[in-house]
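What follows is calculated from the coordinates using simple rules that are stated; it is not laboratory data. Model, not experiment: these values are computed from the prediction. As a convention, Cβ positions derive from the backbone with ideal geometry for all residues, glycine included, and neighbour counts pool all protein chains shown.
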Amino acid sequence: MTERASAGFPAQISDEEELLPQLVAHLREHRTRLRQEWATRIQGAHLLQAMTPQEMAAETTSVYDNYVEVLETGSVEALQRYARNLSERIIPRGVETQEVVGIVLLLRDVLARSLFEKYQRDFPLLNRVLDAYEPAANRIANTVAVSFVDERERVIRQQQDSIRELSTPVLPVRERLLILPIIGVLDAERARQLTEQLLSGIRTHRAKVVVVDITGVPDVDEAVANHLVQTVDASRLMGASVIITGLSPEIAQTLVTIGVDLSKMDTIGDLQGGLEEAERHLGYAVTRTEGPGGP
Amino acid sequence: MTAGPRLFSILRQGPYLIASIHTALDDSQLVRFQEDLIDQIGRYRARGVVIDVAALDVLDSFASRMLRDIGEMARLRGAATVVVGIQPDVAFTMVRLGMDTGSVATALDLEEGLSSLERLMNASPGRRT
């Protein structure tokens, strides 16, 4: 990339490896002024407003130093480590993607402007300095943006996993009787999860009856309703019967209106009724003993 | 067609036959399984058959039709059939693909299958189904 600028120019500065240390030295030398200018521009652009001025000063200093260091070494690992580190610190503070990309691009511009000032008298040299600087700076901006998005996605995935684990517990209440209380919106992914947990729960607990309580489910669509019916059928293949309890009026209406075949589904009004039915099915008789615990 | 080692076993247990499939059977082995089982129901005057498919992680449409047919044939020969040990993944795949075991009963495992046959026998002690 330095070919076109090399004609008629002193040979001691001939490529990126020699130019970069020079401009890194320049950026180190004017660190305080450039960092201040950058911070001012960040404030001018109304970025990072979630941070206090002290935090801003600390963050910008460390980001600046790391930026220059990465420019200097140019190693991909250092760059990725830097970007990951930045994302990890900055995401919990509620910083948005465009803000992170924004401040990195601002820093790039501030530094480019200072290089321009320094070399403006020698236009061919400026050209080559920018040739060396721009790809490195763009690589940093690019990696930071990608890593920031990756980090956010990682956090989201982690949260999804924990929500999913929490959301479909399989609880043995008596020998061979399980209950599955479902709370919250039942989408296709969760319905799949539910099936998996239910069927493997039947196997591990040797269940004969499973009560699925959907009192906490606000609504279902046709796909999820059909999925439920299939789950009930699959449970039957494994020798267990499923009782669905707590169908809300809305869900009952939806199911009948969209015409899901519910003839094979065993439904009972509420969880209490479902448990009583399941106990009858398994031959349990629950009686109250008279005594201090009685009424 | 009937060459090679058997990949299934058919054992007598009182008035019942316990047929275990040890590994995935191809179609010709399934046919052999069907023939052997139906033959032995008559020979041993079995009143019930438990087919254990716990070792299978795939049940294709041919196999599930075969199970259904075995159930019908066994009924005609005077024995009730229970299929046991269908794995969770297999169960859900069967339902999604619209396959089922028809009128054949299913149970969780061998023990369950035998006790459900027992219940059937007690419910109709005079008949051989």
(request) Return the single residue from A:285, A:145, A:83 with maximal mean-square fluctuation; model: Gaussian network over chain A, springs between Cα atoms under 10 Å. (result) A:285
(message) Around residue A:254, under 12 Å between beta carbons, what's the net of Lys plus Arg minus Asp minus Glu among the other residues?
(response) -4
(request) Quote to one decimal, in nm, the extra length available between residue A:96 and residue A:257 on full extension: 0.36 nm per residue of separation minus the C-alpha distance between them. (result) 53.6 nm
(request) Quick one: check the C-alpha center-to-center distance for segment A:193-210 versus segment A:51-124, whole angstrom. (result) 52 Å
(request) Hey, for a label at residue B:13 modelled as a point 7 Å past Cα toward Cβ, could you say which residues of segment A:232-268 have their backbone N under 18 Å away? (result) A:238-240
(request) Could you quote the convex hull projected area for the protein assembly as shown, Cα atoms only and averaged over all directions, in nm²? (result) 37.6 nm²
(request) Please identify, among B:117, B:56, B:67, the residue showing maximal mean-square fluctuation in a Gaussian network model of chain B using a 10 angstrom Cα cutoff. (result) B:56
(message) Going by amide H atoms built from the backbone, whose H comes under 5 Å of the H on residue A:267, apart from near neighbours?
(response) A:244
(request) Quantify how strongly other chains surround peptide A:200-206 by giving the mean number of their Cβ atoms within 10 Å of each of its Cβ atoms. (result) 3
(request) With runs of 4+ DSSP H residues as the only contributors, calculate the mean residue ellipticity of chain A at 222 nm using -39,500 (n - 2.57) per run, divided by the residue total and rounded to the nearest 500. (result) -21500 deg cm²/dmol
(request) Take peptide B:89-102, look around each residue's Cβ out to 10 angstrom, count Cβ atoms belonging to other protein chains, and average those counts. (result) 5
(request) For peptide B:13-21, compute the average count of partner chain beta-carbon atoms within 10 Å of each residue's beta-carbon. (result) 0
(request) Calculate the spin-label point distance for residue A:286 paired with residue B:65, positioning each point 7 Å from the Cα along the beta-carbon direction, and give it in nanometres. (result) 4.7 nm
(request) Under 1.5 on a/c is rounded, so check that first for segment B:8-118, then, if it is not, pick prolate when a/b is larger than b/c and oblate when it is not; a ≥ b ≥ c are the square roots of the alpha carbon gyration tensor eigenvalues. (result) prolate
(message) Can you give me the angle between helix A:188-205 and the longest principal axis of chain A, using Cα atoms only, in degrees from 0 to 90, rounded to the nearest 10?
(response) 50 degrees
(request) Give me the net charge of residue A:25's neighbourhood, meaning all other residues with Cβ under 13 Å from the Cβ of residue A:25; Lys, Arg count +1, Asp, Glu -1. (result) -1
(message) Give me the Å³ per residue figure for the convex hull around the C-alpha atoms of segment A:3-161.
(response) 111 Å³
(request) For chain B, calculate the relative contact order in percent as a whole number, restricting contacts to Cα pairs under 8 Å that are 6 or more residues apart. (result) 23 percent
(request) Choose one answer from A:213, A:109, A:122: the residue with the largest mean-square fluctuation in a GNM of chain A with alpha-carbon springs under 10 Å. (result) A:122
(request) Count charges around residue A:206 for me, please; just the other residues with Cβ under 10 Å from its Cβ, Lys/Arg as +1, Asp/Glu as -1. (result) -1
(request) Just check segment A:125-244 against the gyration tensor rule for me: Cα atoms, a ≥ b ≥ c as the square roots of the eigenvalues, rounded for a/c under 1.5, and otherwise prolate or oblate depending on whether a/b exceeds b/c. (result) prolate
